[in-house]
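Participant: This is the structure, below, for whatever I ask next.
The values are calculated or read from the model by the stated rules, or taken from the named source; none is laboratory data. Please read all numbers here as calculations on a predicted model, not as lab measurements. Virtual Cβ from ideal backbone geometry, glycine too; neighbours counted across all protein chains shown. Surface accessibility is based on the protein's heavy atoms, side chains included, excluding ligands, DNA and RNA. Shrake-Rupley method; radii C 1.70, N 1.55, O 1.52, S 1.80 Å.
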Amino acid sequence: MQIRQLFDHASSSYTYLIWDESTREGAIIDSVTEQVERDQKLIAELELDLKYALETHIHADHVTGSGALRERLGCRIGIHANAGNACADLQLVDKDRVYLGSQHLEVIYTPGHTNTDISYKTADSLFTGDILLVRGSGRTDFQDGDAGLSYDSITGKIFTLPGETVIYPAHDYNGFCCSTVAEERRFNPRLGSGKTRDEYIQIMESMKLDRPSQMDTAVPANLTCGL
Ligand code: FE
């Protein structure tokens with residue numbers, strides 16, 4: 001599977017374009033509405049057949065480009081069933097598979113940042129959305145976030161994958177592009193090196209974070225696929 005990492009500066013969001021080399025069937029993960037032109041041009045240049053626009057969760061900090069990409073390219077939109085997102089074509093749940101040619105992404109339900117978080121796994125990489133970031137994790141103080149569930153998802157479902165699995169997050173604010181399961185198990189300051197569930201909950205609950213400035217417009221817009 002080929003992977004291209006794309007960045008939106010305004011929201012510090014990563015978008016991923018992934019594809020199967022032999023059939024050129026592709027998927028985009030966590031597109032951003034302001035970047036639809038860029039992404040469409042790249043998809044055309046690489047001669048990809050965009051099959052899916054997938055979300056890792058309902059975002060609160062940017063509006064998705066999935067609806068626009070579906071209108072332009074005819075792809076199908078996938079998001080976790082908990083989102084109750086009537087505009088999506090695929091209501092994904094844990095263990096579902098999304099096929100690109102003969103390869104596939106496996107859906108792993110990893111709630112805690114929100115109640116709609118899913119990670120997408122290939123043979124050797126994992127797109128974690130906001131549940132696990134490089135040396136960090138997604139906030140757990142809105143959208144049905146739950147610090148205990150976040151700990152359980154990360155330690156029980158992500159840290160149990162092979163150490164060499166490459167972690168691709170949905171955001172970064174410190175200049176990192178990716179990591180590995182082994183690195184985060186050791187060096188993640190919130191839950192690496194055997195931090196307990198209680199320690200993690202305490203860290204998450206002591207953070208005083210501002211509401212995302214776009215939240216009141218982004219969440220409803222994302223429930224209609226950004227259209
Ligand atoms: Fe998020």
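Participant: Given the condition modelled with pLDDT under 95 and within 16 Å of the ligand (Cβ to nearest atom), answer yes or no: does some residue in segment 83-103 qualify?
Facilitator: Looking through segment 83-103, at least one residue is modelled with pLDDT under 95 and within 16 Å of the ligand (Cβ to nearest atom).
Participant: The conditions are (1) assigned to a loop (DSSP other than H, G, I, E, B); (2) open to solvent by less than 70 Å² (accessible area, probe 1.4 Å), and A221 fails exactly one of them. Which is it?
Facilitator: For A221, the exception is condition (1).
Participant: Of all residues being assigned to a strand (DSSP E or B) and not hydroxyl-bearing (S, T, Y) in segment 163-174, which is surrounded by the fewest Cβ atoms within 10 Å (Cβ to Cβ)? Just the residue, please.
Facilitator: Checked segment 163-174; the qualifying residue surrounded by the fewest Cβ atoms within 10 Å (Cβ to Cβ) is V166.
Participant: Also: Output the residue which, of all residues in segment 88-100 that are surrounded by 16 or more Cβ atoms within 10 Å (Cβ to Cβ) and more than 14 Å from the chain's Cα centre (by Cα), is farthest from E37 (Cα to Cα).
Facilitator: My answer is D96.
Participant: Same structure, new question: Does I18 meet the test of being of a type in the set (V, I, T) and open to solvent by less than 10 Å² (accessible area, probe 1.4 Å)?
Facilitator: yes
Participant: Here's a follow-up. Quick one: which of G78, G67 is outside any strand (DSSP E or B), crowded, with 16+ Cβ neighbours inside 10 Å and either within 13 Å of the chain's Cα centre (by Cα) or more than 16 Å from the ligand (Cβ to nearest atom) (or both)?
Facilitator: After applying the criteria, what remains is G67.
Participant: Out of Q5, Q103, Q91, report the one residue that is of a type in the set (S, T, N, Q) and touching a Cys at 6+ places or on another chain (Cβ under 9 Å).
Facilitator: Going through Q5, Q103, Q91 in turn, the sole match is Q5.
Participant: Any idea which residue in segment 103-162 is nearest to L90 (Cα to Cα), counting only those that are of a type in the set (A, V, I, L, M, F, W, C) and open to solvent by 50 Å² or more (accessible area, probe 1.4 Å)?
Facilitator: Among those that are of a type in the set (A, V, I, L, M, F, W, C) and open to solvent by 50 Å² or more (accessible area, probe 1.4 Å), it is A123.
Participant: Let me ask something additional. I need every pair where a residue in segment 98-116 that is among the acidic types (D, E) has its Cβ under 8 Å from the Cβ of a residue that is surrounded by fewer than 17 Cβ atoms within 10 Å (Cβ to Cβ), sequence separation at least 6 or different chains.
Facilitator: Close Cβ pairs (under 8 Å, with a partner that is surrounded by fewer than 17 Cβ atoms within 10 Å (Cβ to Cβ)) amount to E106/K95; E106/R97.
So that you can scan it fast, the table gives a plain yes or no per residue for (1) in contact (Cβ under 8 Å) with a residue 12 or more places away in the chain; (2) of a type outside the set (A, V, I, L, M):
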{"site": "E21", "(1), (2)": "yes, yes"}
{"site": "D30", "(1), (2)": "yes, yes"}
{"site": "T33", "(1), (2)": "yes, yes"}
{"site": "D39", "(1), (2)": "yes, yes"}
{"site": "L42", "(1), (2)": "yes, no"}
{"site": "E45", "(1), (2)": "no, yes"}
{"site": "A53", "(1), (2)": "yes, no"}
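Participant: May I ask you to say which residue of A60, A44, A10 is closer than 24 Å to A221 by Cβ and open to solvent by 40 Å² or more (accessible area, probe 1.4 Å)?
Facilitator: A10
Participant: While we're here: I'd like to verify a number: residues in segment 113-155 that are of a type in the set (G, A, S), outside any strand (DSSP E or B) and within 11 Å of the ligand (Cβ to nearest atom), how many?
Facilitator: Total satisfying the criteria: 2.
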